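Quick note: the coordinates plus some simple rules give every number you see, no bench work behind them. What you see is a predicted model; the values in this text were computed from it and never measured. Using ideal geometry, Cβ is built from the backbone for each residue, glycine included, and neighbour counts are taken over all protein chains shown.
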Amino acid sequence: MGKAERNRARNARERIAAQQAAARRAERRRVILISGGSVVVVIAVVVALVLIAVNRAPARQGSSGALPASVAAEITTVPASTLAAVGTGALPSAPAGLPIRSITDTPLTSGGKPEMLYIGAEFCPYCAAMRWAMAVALSRFGTFGPLTGIHSSSADVYPNTATLTFYKQRYTSPYLTFTPVENETVTHAPLQPVTSAQQALWVKYDTTNGSQGYPFIDFGNKVIITGPLYDPGVLKGLSWAQIASQLKDPSGTVARNILGTANYITAAICVMTRNAPASVCTAAPIPAIERHL
């Protein structure tokens with residue numbers, strides 16, 4: 001083979017090698033692109049599933065999850081001055097006509113402390129109204145864990161009322177034990193059963209319309225509440241944040257109803273705890289309300 005032929009053969013081999021190298025590089029790029037595209041698709045699918053799960057999560061109880069800390073703070077840190085300014089608010093100064101009364105029975109206790117028993121249901125619009133006031137009042141005696149927002153049933157009176165749920169709610173207090181029982185979900189499914197002892201108290205003291213109703217609140221077997229103290233209609237169309245924000249205005253309709261009710265509940269708790277702590281139970285308007293209970 002002559003020199004020219006050898007050069008042509010070598011050049012041909014080099015071209016073939018270069019083409020093969022280029023082909024290999026193209027294949028690697030193709031594989032990388034396919035792999036990258038697959039990763040993007042997988043990520044997109046995972047994100048979509050997470051969003052679906054998040055959006056579906058509230059459906060069981062109509063829950064929105066924990067309320068923002070700023071909203072929870074407006075509920076649990078209402079100033080004593082604001083509560084004093086409201087007094088009994090939109091409620092009468094004496095409990096005549098309200099579903100609240102004193103009882104005489106064996107003291108109801110739990111964990112060595114007076115027990116406040118609440119029996120309600122997540123679908124119940126009347127419970128929806130009362131939970132706001134309960135949260136305000138109880139925050140004067142102890143500390144809540146994260147608060148969870150729900151709406152009452154869309155198929156009941158006062159539909160979709162923004163409220164809280166006390167299902168699995170954490171609460172600590174040196175003065176009382178708070179025992180919440182959310183008996184049914186927003187869709188009327190069983191949620192938390194009452195014990196036989198709780199049922200016995202419910203039957204004994206709540207004969208609303210000839211049967212037991214929601215809400216039922218027993219303050220250590222000293223005071224009981226067997227219905228809402230104010231009209232849930234005042235919360236119509238308001239969000240959790242809007243309701244919480246309006247608690248700042250003692251002249252507003254929302255505050256006059258919720259905080260007026262909270263003061264009644266505070267007085268009932270003070271009867272139960274024998275006026276402990278004094279800083280709460282001697283503050284206006286609690287002694288004046290307590291004298292009527």
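Per-structure values
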{"read-out": "Taking all pairs of distinct alpha-carbon atoms in the stretch 72-133, Kirkwood radius in angstrom", "value": "15.0"}
{"read-out": "Sequence-separation-based contact order of the stretch 157-265, relative, with Cα cut under 8 Å and 6+ spacing, percent", "value": "20"}
{"read-out": "Counted charge near V78, where neighbours are those whose Cβ lies closer than 12 Å (Asp, Glu -1; Lys, Arg +1)", "value": "0"}
{"read-out": "Listed peptides 127-134, 243-250 by packing density, highest first (mean Cβ within 10 Å)", "value": "127-134, 243-250"}
{"read-out": "Highest-first arrangement of 93-101, 162-170, where packing means the average Cβ count within 10 Å", "value": "162-170, 93-101"}
{"read-out": "Debye intensity ratio in log₁₀ form over the Cα atoms of the stretch 100-140, taken at each q of 0.15, 0.24 Å⁻¹", "value": "-0.52, -1.02"}
{"read-out": "Proximal lysines to K222, defined as alpha-carbon separation beneath 24 angstrom and excluding residues fewer than eight positions away on the same chain", "value": "K113, K204"}
{"read-out": "Residues of type lysines that K248 reaches as a straight line, Cα spacing below 25 Å, ignoring anything fewer than 8 places off in the same chain", "value": "K236"}
{"read-out": "Footprinting exposure proxy for C124, C281 (fewest neighbouring C-beta atoms within 10 Å first)", "value": "C281, C124"}
{"read-out": "Whether the stretch 167-293 is rounded, prolate or oblate, judged on the alpha carbon gyration tensor where a/c under 1.5 counts as rounded", "value": "oblate"}
{"read-out": "Residue-by-residue Karplus 3J(HN,Hα) for the stretch 285-291, coefficients 6.51, -1.76, 1.60, Hz, glycine and proline x", "value": "x, 4, x, 5, 5, 4, 4"}
